[in-house]
1. Determine one quarter of the surface area of the Cα convex hull of region 352-592, which equals its mean projected area, and express it in nm² to one decimal.
2. Please give the helix 578-592 orientation as an angle from the longest Cα principal axis of the chain, in degrees from 0 to 90, rounded to the nearest 10.
3. Using just the helices of the chain, give the 222 nm mean residue ellipticity in deg cm²/dmol: DSSP H runs with n ≥ 4 each add -39,500 (n - 2.57), and the total is spread over all residues, rounded to 500.
4. Compute the relative contact order of the chain as a whole-number percentage, counting only Cα pairs closer than 8 Å that sit 6 or more residues apart in sequence.
5. Rounded to a whole number, what is D in µm²/s for region 244-337 from Stokes-Einstein with the Kirkwood radius over alpha-carbon pairs (20 °C, 1.002 mPa s)?
6. Working from Cα positions, state the angle (0 to 90°, nearest 10) between the long axis of helix 454-463 and the longest principal axis of the chain.
7. Within the chain, what percent of beta bridges assigned by DSSP are antiparallel, to the nearest 5?
8. Full-extension gain between residue 571 and residue 433, please, as 0.36 nm times their residue separation minus the C-alpha to C-alpha distance.
Ligand SMILES: Nc1ncnc2c1ncn2[C@@H]1O[C@H](COP(=O)(O)OP(=O)(O)OP(=O)(O)O)[C@@H](O)[C@H]1O
């Protein structure tokens, strides 16, 4: 009886093979063409020893009369033609197969990226970015290798081996039997060593992945490393990783160096046995020298396809693993929400209502507990509360990043789950605590590829108080921005992200305020930018500085996933509760510092 583990392993593999077939379907014609080329090349390889055997036995030893093409010269010409055909068709086969393989990698990579872009945050929360990068790079090329390299090699090697055995049997069944006393040993040896090489190769890949990750993390955290003088410690960690990688490479070198001499030795042994067996028979006239010569060539030809097949056997295994991983992503795609599905709502009014919302990220514990509030169209609502209280979670839910387990969230009276995702997100602009800028220009970072003209970009920069510093840049809105905007100050990055939000003209503007301290001048600019962005829009602010929100229409104070209190700032102040206490603390802090 199969165990549950065996059953669960069987199913995805069947799926992976089906997916492989589906992906390869558009390239069937190219594959057939390449296989035809392979047949011609194999034929040429098999014919060459036969031509030489004929030259030796018929003309050099047998002294047969040379006539026309049936002569040493004629056979030499034929040998040349066969070699040329082999070269031309090898070239054609490589060309067809590489082109098909590259096209397949290209298509797969684009598809994988498009899936990654639309993955739900719940998936991204539990998947490391390294794993997803491997899907888009390594796994896609492993699959295309399967078609280009593995399938063709399988056809080529199996046909060549079958052809060699057939030619041997025709020439001399006796010698074939003698050859097969040693050939299985060669096959076993090659498969055994190659298997070890591949297993060790997986270890090497694992370590090289860790080394890459370590270097990438160290580069992005270099400031912290230098500030805390952690260079020595990091160097030691790197040394340890590198040493592990080094020892796996040594194993690889040893295995690779032993393969060829070991199989050469067994090939020589096979030839020695053949010669020993043949000497008496040649003297007795029951065997021709040319046949012995052809056999020694065939035995040497045996090694390459066997070694290749051993390689491909392990490549198929790793390609199936890669296919299974891509298959897992594609299955995720089938579950993805269609951005076009749902109720079309071109322009939202911006009324937001939470009705007894309960939410948990992973089922481990409630992050929001029975949260209810209403933010009317055009109002500014501020969320306050201690760290981890659930403020950012509320924004993620409004954006449709996660689904609530209990209760409902309504926008303009419609459940967010029913609104077309594209329309919902177009109507909401979020300025995150950690501003993310892409490499490109300031203009690219504001439009993010949307059809927004330069005048609108300039207006947005003006409204976000970023105009002065952008105009000061040599290329204005065309000024290049480096990766993550590292050449701009934190305040400047914030202002650009305000411009981005304003330029998209959302019905709902959300600001997760940065906790970092900024100078009073920039703070004033940001305050002005918030006021400009908020005007005429429903605005949600997660506030860390209470000074930012004195003009809010509604304050919602969160505590451990629940609403501790809510109301107009004046009303809350009079009530003397949580908000009043926080305000008093922040004023005391200002006076005392
Ligand atoms: N993606 C996630 N997966 C699992 N748990 C999460 C995730 N994001 C947040 N949490 C948890 O949910 C709780 C609320 O987090 P949230 O970010 O909403 O708090 P917050 O009030 O915005 O805090 P802060 O003021 O520090 O930004 C925290 O306990 C946090 O650990």
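1. Values: hull surface 54.9 nm².
The directionally averaged projection comes out at 13.7 nm².
2. Taking Cα atoms only, the helix is inclined about 90 degrees.
3. Details: 21 runs with 371 residues, N = 593.
-21000 deg cm²/dmol, from helical runs alone.
4. 14 percent
5. The diffusion coefficient I find is 121 µm²/s.
6. 50 degrees
7. Details: 20 of 39 bridges.
The antiparallel fraction comes to roughly 50 percent.
8. My answer for the length gained is 46.8 nm.
Read-outs throughout are calculated quantities, based only on the coordinates presented, and are distinct from any laboratory measurement. On a predicted model such as this, the values are computed, not experimentally measured, just so you know. Glycine also receives a Cβ, built like all others from the backbone with ideal geometry; neighbour counts cover every protein chain displayed.
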